[in-house]
Every structure is written in C-alpha cells, then in structure tokens.
Amino acid sequence: MGMIKVFIVIAGIFFGALFVGSFFNESPDTVQRGYRGTSMVQIYKASELAAVKDLHAIPDADPIDDPDPSLPTVRSKYKNVQVLDDLTVLEFSRLMGALSEWIAPEEGCTYCHNTNNMASDEKYTKIVARQMLIMTRRINNDWKSHVGNTGVTCWTCHRGQAVPSGDWYSRINEKEVPKFLGHKRNQNTPGIATNANTSLPYDPLSEYLIRENPIRVQGTTPLPSGNKNGVPKAEQTYALMIYMAKSLGVNCTYCHHAQAFGSWDLSPPQRTTAWYGIRMVRDLNQHFLIPIGELLPDNRLGEFGDGPKVGCATCHKGAYKPLYGVSMQEEYPELWRKGGPLVKSKFISPPPVEVINPTIPPAQLMNGKY
C-alpha cells in the first residue's frame, strides 16, 4: 500500500504540474502553408506578436499638398542640396520633417544641420543621411525583385532611432591558439544572438552578406560526387539560416519545402524573394555601409573598428515582412522617384544593379548556388 500511495502522489504532482503548465503557458498558433503531414507550417504566439505591435506601426503622415507647377524647385531655392533637388520646396520641407521624426525625433534638424548655416556639410550625419537617401531610392527602383512595390523608407529601418536596431559589426577571426588546445573555428562561443546562442559559427554575416560566397552546401546527386563542401561550410550555412529565420520571425519551411530543402521546384516563392534579398544586402553593404564607415566617429564603430552594416533584421525586425507588408509609397512618393540623381554623389557612386530576369529561377542563374 505504501508504494501505491507514493505512486499516486507522484502521479498527482506530475499531472498537476502538467495542468498548471498548460494553463499558464501559451499555446502557439500554426498556419498551414503546404499539404498536411509535410510539416509545412509556421508557428506564432499571439503574445509575441502583440508585444511588437507598436514597433511595426507607421507614424501618421502630414497631408500632401496639391501639385503646383508655379512653386520653386529646391535647386533654385536652397544651396548644396545634392540628392533631393528634383523636389519642390513644399515637398522637400515635408520630407525633411518626416526624416526628423523617423531618425532623430529629439534632436530634430540639429542632428544633421548647423541651423545657422543649413547648407554646411560640417556634420558627418548630414553626409551619411545623403548617402542613405541615395540608397533608399536605389532599393525602391533597382531592387524590386526583393522589395516589390512595397519598397522602403527611412522609417523601415530606423523606427525613431538614429542607429537602427538590427545592424551588425564584423567579428575578426580568432587568434591562433596552441595546437594542443585545438581551434574553435569562430564557434562554440556563448551569448551570440546572431546564431541564436548555438555552438555554430558566430559571424556568418561577414561570410555571406558582404562576400559573395555560395551558400548552398547540399549535394545534388544521390551519391557523393563533386560536392567539396564539408562540415565547417555546413555549419556556417546553418548559422546564416538561423539568423534569417529569427530576423523574419519564421521557421525553415517559410522558404524551404520540408521534403527537400535544396529543391527549387518544391520551394515556396519566398525562397526566390530571399535569394534576391541576399544579393540586395550584399550590394548595400559593399557600396554604401562599408564606405560610410570611413565617415563615422569612433563611438559609432564596432569593437574591431568597422562601421555598422545591414542585414535581414535591420528591416524585418522579427516580422515576415517589414511593417507587415504595408507600403509608405503613397504617403512619401519622393523616395520612389527616379527622375532625380538616383546615383549621384561626391562620396559614393555605386555601380548599377545587374538586371536579372525575375522569370528565370535562381537555381538556373547560379547553377544551384543559393
């Protein structure tokens, strides 16, 4: 009888804990995105979505004035306007007010300007802002393969902060250690958010979001044949995939089919969008963010002296689409215009984006090298 009582007590504790846990722990919601039984589902928690609701909200826009051809252009009214000189004075003033709210709501105009001499370039923040405006128009006009007609504004990344969340800095290779201690290969380091605190390499972003290294590691034949990718390459790839999934708040099957991750024929359309997104981020880092690092003061640089760079998290911030796919183009068409100096700058002149036929599957374009 004593053993039975002990068993009953243990069972009571177990089922009581199970009940309490199920009562207080939130059950996730799932959205089915493929055939049943294929594990093609996305998992969400209502509380987590509610917690970031304000982060993905869009500030109210000032009214747009009716077009008036008689208004002077910025070029005829102001000095040293190099990027937005295709706007009217009213368009320019309205957009400048929005930029202040989006990027430096506390400092306002003084964050970028000497208000006693608005034409002066004495503040590095003004020069950086100029390059960011060029970059924004470049994304909206030349990278529709990733952003579609939704596009981006400064708010997409900044959300009221001078330095956007989701930026990142490179981590240099670790110093060589005595051979008898082995080599960590830039992994097995705790507390790294990029790889979700796993033992995987801690800087896959420099490897793939700056340098144009092929990401695909899975073989394309039943037996080993010509695939020279080893375990280190696979670990780097998985670190990147974890980063991308966390940045978008999704799991692997958002872009890949559970039956065969490497198959383009089975993959959802989101994989193609991600393929272009990787190339867009490389373009922005190579031709904008890395050169801009030369302008920044020491307090804006990373541990090893490099400037901040962009990645998936910079725009998405945990949402499958930035701002849940809401476009700000109707409110701020000035950032989509191509009539102005889309790529004109004394500091940066990035090459034109290579035109890629979006009807051709990426697998054919890159011979399967994601």
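The values are calculated or read from the model by the stated rules, or taken from the named source; none is laboratory data. This structure is a prediction, so every number in the text was calculated from the model and none was measured. Here Cβ is always computed from backbone atoms with ideal geometry, including for glycine, and neighbour counts include all displayed protein chains.
Of the residues in the range 43-51, at least one is loosely packed, with under 14 Cβ neighbours inside 10 Å, among the hydrophobic types (A, V, I, L, M, F, W, C), touching a residue at least 12 places away in the same chain (Cβ under 8 Å) and in a strand (DSSP E or B).
Quick check: anything in the range 88-98 surrounded by fewer than 20 Cβ atoms within 10 Å (Cβ to Cβ), touching a Pro at 6+ places or on another chain (Cβ under 6 Å), within 26 Å of residue 204 (Cα to Cα) and not basic (Lys, Arg)? Within the range 88-98, none of the residues are surrounded by fewer than 20 Cβ atoms within 10 Å (Cβ to Cβ), touching a Pro at 6+ places or on another chain (Cβ under 6 Å), within 26 Å of residue 204 (Cα to Cα) and not basic (Lys, Arg). Note on the range 113-149: among residues that are surrounded by fewer than 18 Cβ atoms within 10 Å (Cβ to Cβ) and touching a Lys or Arg at 6+ places or on another chain (Cβ under 7 Å), the one that is nearest to residue 335 (Cα to Cα) is 141. When the range 99-112 is examined, which residues are found to be crowded, with 17+ Cβ neighbours inside 10 Å and out of contact with any helix residue (DSSP H, G or I) (no Cβ under 8 Å at 6 or more places or on another chain)? Result: 101, single match.
The set of residues in the range 219-261 being of a type in the set (Gly, Ala, Ser), over 17 Å from the mean Cα position of the chain (by Cα) and either buried (at least 17 other Cβ atoms within 10 Å of the Cβ) or in a loop (DSSP other than H, G, I, E, B) (or both) consists of 219, 225, 226, 230, 258, 260. When each of 271, 216 is tested for being at pLDDT 90 or above and under 21 Å from the mean Cα position of the chain (by Cα), the lone residue that passes is 271. Look at the range 311-329: where a residue is in contact (Cβ under 8 Å) with a residue 24 or more places away in the chain and a partner is surrounded by fewer than 18 Cβ atoms within 10 Å (Cβ to Cβ) and among the hydroxyl-bearing types (Ser, Thr, Tyr), sitting 6+ places away or on another chain with Cβ atoms under 7 Å, you get 317/165; 325/150; 327/150. Inspect all residues belonging to the range 72-89 and state whether any of them is without any contact (Cβ under 8 Å) to a residue 12 or more places away in the chain and in a helix (DSSP H, G or I). There is at least one residue in the range 72-89 that is without any contact (Cβ under 8 Å) to a residue 12 or more places away in the chain and in a helix (DSSP H, G or I). Determine, yes or no, whether residue 76 is of a type in the set (Ser, Thr, Tyr) and more than 30 Å from residue 251 (Cβ to Cβ). Spelling it out, residue 76 is indeed of a type in the set (Ser, Thr, Tyr) and more than 30 Å from residue 251 (Cβ to Cβ).
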